[in-house]
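Inspection log for the structure reproduced underneath, given as structure tokens.
Bear in mind that the values in this text are calculations on the coordinates, not laboratory data. A quick note: this is a predicted structure, and the numbers were derived from the prediction, not measured. Positions of Cβ are backbone-derived with ideal geometry, glycine not excepted, and every protein chain shown enters the neighbour counts.
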Amino acid sequence: MTTTYSLHKISSVDHFGFSPNDYSRFKYGDDAIARMFGHQLAEGFIRNHLSVTPVAQQMVVVSSPYSFIPTATFAMKNHFVYRLNRWLAENGFPVVQETKVHRTITYKEDYGELNAEERMRLIGNDSFHIDKHFLEGKTILFLDDIKITGSHERMITKMVEDYGLLNDVFMLYYGELVNHNIHPNIENFLNYHCVKSIFDLEPIIQSDNFYINTRIVKYILNYDFEAFCIFFQNQTTSFIELLYNMALGNGYHNIEAYAQNLKFISNYLNTPKFKHIQHGN
């Protein structure tokens, strides 16, 4: 049996139930917002489901699919688990386990700008993989931050069917678009509400609550080169190394659109003379 639960139902472009600025910062790595969202989603799930009908089976939490770099949902998942585990432990239930949905394809397209058909065409070539044997006899909680057209959910459902999983499944979302007269690109209205340029990332990156994710890496690598170079000069070497390591791990060095910015990072990290020049020495 599959049950869907979303904390916020979006039926209007004027009211989301949460702050668009918070959501935008969350999508670009603000872990303080991820903590708030994760706790709120856990509390809503407990209030509306677990406190009414407790789950006797071992529960397994699964964040949205990713390859090497986690999505923003992964950070929210961490805090969801922390809050949920407290309730489970306090009420005598086993704490959750975790596993991962592996995906095979990465793409540079801006998913939030696409309509339902375009989204399915884009991700339809992807394939999701999960450890079937680990999940036997357990209840699965699939987490995602927002449901707009349901494309990702359909891919998850297809994976469940392909693997012959007979588990009870919960699809959990922080927000869900329930008014289908609203264009799916409302997602990008939220994604970019607080991030209008690469320089809007600096307060997030330089805070004590930064958690890197796929979106911010792709955004930086795909940005206008001249602006990227200015942005780059204000970043720490530790952040630059993290950015480069994440990019390589996701295979972004094979994507032409990212080549110029990624080459600049590579030169900085691997050429001492280049590094001195960039810092004006």
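Expressed in nm to one decimal, what extension gain is obtained for the pair Q58 and N254 from 0.36 nm per residue of sequence separation less their Cα-Cα distance?
The Q58-N254 span can extend by a further 66.5 nm.
For the chain, place one equal point scatterer on every Cα, skip the solvent, and apply the Debye formula. What is log10 of I(q)/I(0) at q = 0.08, 0.15 Å⁻¹?
After summing over all Cα pairs, the log10 values are -0.36, -1.18.
Set the bar at 31 Å for Cα to Cα. Now go through K158/K263; K9/K100; K158/K196; K132/K263; K132/K196; K138/K218 and name every pair that lies beyond it.
Result: K158/K263; K158/K196; K132/K263; K132/K196; K138/K218 exceed 31 Å.
Around K147, which amide H atoms from residues at least 5 apart in sequence, or from another chain, sit under 5 Å from its own amide H, with H modelled in the peptide plane?
G175, E176, L177
Which ³J(HN,Hα) values, rounded to whole Hz and listed in residue order, are derived for segment 50-62 from phi using the Karplus coefficients 6.51, -1.76 and 1.60 in 6.51 cos²θ - 1.76 cosθ + 1.60 with θ = phi - 60°, glycine and proline given as x?
In residue order, the calculated couplings are 5, 6, 8, 10, x, 8, 6, 6, 4, 9, 10, 9, 10 Hz.
Starting from the alpha-carbon convex hull of segment 198-278, give the projected area averaged over all orientations, in nm².
Hull-based average projected area comes out at 5.0 nm².
Okay, helix-only estimate at 222 nm for the chain: each DSSP H run of n ≥ 4 adds -39500 (n - 2.57), divide by all residues, round to 500 deg cm²/dmol; what do you get?
Result for the chain: -12500 deg cm²/dmol, rounded to the nearest 500.
Let me know the charge dipole size of segment 198-278 about its Cα centre in debye, to the nearest 20, where only the beta-carbon of Lys, Arg (+1) and Asp, Glu (-1) is charged.
260 debye
Can you give me the distance in nm between label points at D200 and D14, each placed 7 Å from the Cα along the Cα-to-Cβ direction?
2.3 nm
What do you get when you divide the Cα radius of gyration of segment 174-217 by 2.2 N^0.38 Å, with N the number of residues?
After normalising by residue count via 2.2 N^0.38 Å, the value is 1.45.
List residues of segment 1-38, by number, whose backbone nitrogen lies under 12 Å from a label position 7 Å along Cα→C-beta of R47.
Counting backbone N atoms under 12 Å from the label point, the list is 7-8.
Can you list residues from other chains, or at least 5 along the same chain, whose modelled amide H is less than 5 Å from the amide H of Y66?
For Y66, whose amide H was placed from the backbone, the distant partners under 5 Å are V101, R103.
Explain nothing, just the number: dipole magnitude of the chain about its Cα centre with +1 on each Lys and Arg Cβ and -1 on each Asp and Glu Cβ, in debye rounded to the nearest 20.
For the chain, the charge dipole is close to 380 debye.
Helix by helix through the chain, keep the DSSP H runs that span 15 Å or more along the axis on Cα and average at least 1.0 on Kyte-Doolittle, and give those back in order.
Once both thresholds are applied, nothing remains.
Name the residues whose placed amide hydrogens come within less than 5 Å of the amide hydrogen of V60, ignoring near sequence neighbours (fewer than 5 apart) on the same chain.
Q97, T139, I140, L141
Among S63, S11, S207, which comes first, second and so on when ranked by fewest other beta-carbon atoms within 10 Å?
The most exposed by this proxy come first: S207, S11, S63.
Expected output is a single nm value to one decimal: the length gained when fully extending between T237 and S127, i.e. 0.36 nm times separation in residues minus the C-alpha distance. What is it?
36.1 nm
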